[in-house]
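Please read the structure below before turning to the comments.
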Amino acid sequence: MAGVKSVGKKPCATLGGPRISKPLFALALLILDSILVSLIIYHVPYTKIDWDAYMSQVDGFLGGERDYTKLKGDTGPLVYPAGFLYVYSAIKFITGGQVFPAQILFGILYIVNLGVVLLIYIKNDMLPWWGLGLLCLSKRIHSIFMLRLFNDCFAMTLLHCSLALLLYQKWHLALIFFSGAVSIKMNVLLYAPSLFLLMLKGMTIEGVFSALLGAASLQILLGLPFLLTYPIGYISRAFNLGRIFIHFWSVNFKFVPEEIFVSKEFASALLLLHLTLLGVFAHYRWSLHEGGLFHLLYSRLGNAVSRLFSVWQFLSCESRYKTLSREHITTVMFVGNFIGIVCARSLHYQFYSWYFYSLPFLLWKTPLPTSLRLVLFAAVELCWNIFPSNFYSSLVLLCIHLSILWGLWIAPSEYPYVDGKPSQTKLE
């Protein structure tokens, strides 16, 4: 079948045409998109959604309010962790709370984020050179950054920086960036199961603990002004996992009747499906060459527990590990997040930024023909640009998501390590 990628081999970078330097093409994309961003800022009207609410919440924080339950805006109470307040307080200081200079700032953020994403793709060498252009073609993403000024933009930029650092094996610094992203918006936690699995495979157990400690310390440090005053209010608002979204704004499950959409049974079923899919992919795909998930956990955590009986051995002994390949790191991170997207109870329009930049990578991981990959990519973009979403657009989007997920399931599992020979282990 066209597009099938052999394990351990690099995908072809051209389609029978001249070989074009990907870094140079990426630089050209950044320049051209910078021009487009400028035109959008200067000529397309800003859409008022959450900016005024953000500024109201920041005003309360800067005014000395430390009770999270009292920080509110015209769209409702503050529901993001403390990092959000620090970021938007800095934005208010720089822009004076004015929209136009904030749009310029978000335009710069868009280009920085695009540059980091292009670096991730170049280091993976998964797409043909022209495929990098897909990362610049979303009308909705341009709108989310320059015309809506959502906090998702900062969260995902930090997440992409974290992923780029992982590709360079900078685990501890990557965890700091990851924690910073979580402090702005909790959707980043969709990457957490994948990240933890990669840490177990690519770090010593001692390294895993120290990296997690650093990430947790950042969360505590950022939330300290609230944890010392009104800890319950902060934790319950900033890390509320039980929020019920409004049916009208759902892009992915608008075809589900509202009474079912808001029910606990529907939420529980999606959570169960999410955990099941993560477990299945982790066991049969991401841990295939280690003999499966349970064997990996036993070999890594079991050895650590046995060493705990000797404090000196625990502190000084380096457990064996191998360097993970860039393709494996990116695959596990992007697929893990995509599973969360498929099972998300509700996707609002700004949530497209959570996974848009992973779509070309995911599509090229599947054994689908290139023509079908492009059709699916365009269809996803079309669904996200239908406003308001309706029965058919949300159903089509779900079908596309499931098609991509199936393609990822049947795709060959890449060898996860930089050196060594692929294992012949088979899981029935």
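Test ILE35 against the stated conditions and say whether it is assigned to a helix (DSSP H, G or I), free of Cβ contacts under 8 Å to residues at least 24 places away in the same chain and open to solvent by 40 Å² or more (accessible area, probe 1.4 Å). Don't jump to the end; show me each part of the working.
Values: assigned to a helix (DSSP H, G or I): yes; free of Cβ contacts under 8 Å to residues at least 24 places away in the same chain: yes; open to solvent by 40 Å² or more (accessible area, probe 1.4 Å): yes.
Judged against the criteria, ILE35 is a match.
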Exercise for the section: Determine, yes or no, whether PRO360 is farther than 23 Å from TRP171 by Cα, in a loop (DSSP other than H, G, I, E, B) and not aliphatic (A, V, I, L, M). Expected result: no
Practice task
Keeping to the stretch 246-261, report how many residues are open to solvent by less than 60 Å² (accessible area, probe 1.4 Å) and either under 10 Å from SER346 (Cα atoms) or not in a loop (DSSP other than H, G, I, E, B) (or both).
Solution key: 7
Practice task
Mind counting the residues in the stretch 234-245 that are among the small types (Gly, Ala, Ser) and open to solvent by 40 Å² or more (accessible area, probe 1.4 Å)?
Solution key: 2
Problem - Members of the stretch 66-97 that are open to solvent by 10 Å² or more (accessible area, probe 1.4 Å), of a type outside the set (Lys, Arg), in a loop (DSSP other than H, G, I, E, B) and in contact with a helix residue (DSSP H, G or I) (Cβ under 8 Å, 6 or more places away or on another chain) - result: ASP67, ASP74, THR75, VAL79, TYR80, GLY97
Problem - Pairs with Cβ under 9 Å, 6+ apart, first in the stretch 404-425 and closer than 30 Å to TYR355 by Cβ and aliphatic (A, V, I, L, M), second at pLDDT 95 or above and open to solvent by 70 Å² or more (accessible area, probe 1.4 Å) - result: VAL418/ARG326
Completion exercise
Every listed condition ((1) in contact with a Gly (Cβ under 8 Å, 6 or more places away or on another chain); (2) outside any helix (DSSP H, G or I)) holds for GLN57 save (2)
Exercise for the section: Answer yes if at least one residue in the stretch 124-143 is open to solvent by 20 Å² or more (accessible area, probe 1.4 Å), touching a residue at least 12 places away in the same chain (Cβ under 8 Å) and among the acidic types (Asp, Glu), and no otherwise. Expected result: yes
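Okay, residues lined up against (1) at pLDDT 95 or above; (2) touching an Asp or Glu at 6+ places or on another chain (Cβ under 9 Å); (3) among the charged types (D, E, K, R); (4) surrounded by fewer than 22 Cβ atoms within 10 Å (Cβ to Cβ):
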| site | (1), (2), (3), (4) |
| --- | --- |
| SER179 | yes, no, no, no |
| SER183 | yes, no, no, no |
| TYR191 | yes, no, no, no |
| MET199 | yes, no, no, no |
| GLU206 | no, yes, yes, yes |
| SER210 | yes, no, no, yes |
| LEU213 | yes, no, no, yes |
| LEU218 | yes, no, no, yes |
Fill in the blank from the handout: With criteria (1) open to solvent by less than 30 Å² (accessible area, probe 1.4 Å); (2) of a type in the set (A, V, I, L, M); (3) under 13 Å from LEU197 (Cα atoms), LEU297 comes up short on (1)
Exercise for the section: Determine whether the stretch 173-180 contains at least one residue that is touching a Gly at 6+ places or on another chain (Cβ under 7 Å) and either small (Gly, Ala, Ser) or under 20 Å from VAL79 (Cβ atoms) (or both). Expected result: yes
Exercise for the section: From ILE49, ILE108, grab the single residue that is under 23 Å from SER179 (Cα atoms) and either in a loop (DSSP other than H, G, I, E, B) or open to solvent by 50 Å² or more (accessible area, probe 1.4 Å) (or both). Expected result: ILE108
Exercise for the section: For TYR392, state whether it is more than 24 Å from PHE196 (Cβ to Cβ), assigned to a helix (DSSP H, G or I), hydroxyl-bearing (Ser, Thr, Tyr) and open to solvent by less than 50 Å² (accessible area, probe 1.4 Å). Expected result: no
Exercise for the section: Search the stretch 251-276 for residues that are without any contact (Cβ under 8 Å) to a residue 40 or more places away in the chain and of a type in the set (D, E, K, R) and pair each with any residue that is open to solvent by less than 80 Å² (accessible area, probe 1.4 Å) and not in a loop (DSSP other than H, G, I, E, B) when their beta-carbon atoms are under 6 Å apart and the residues are at least 6 apart or on different chains. Expected result: GLU258/HIS247
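The values are calculated or read from the model by the stated rules, or taken from the named source; none is laboratory data. As the structure is a computational prediction, the values presented were derived from the model and not from experiment. Every residue, glycine among them, receives a Cβ derived from its backbone with ideal geometry; neighbour counts consider all protein chains shown. Note: accessible area is taken over every heavy atom of the protein model, side chains too, but ligands, DNA and RNA are not part of it. Shrake-Rupley method; radii C 1.70, N 1.55, O 1.52, S 1.80 Å.
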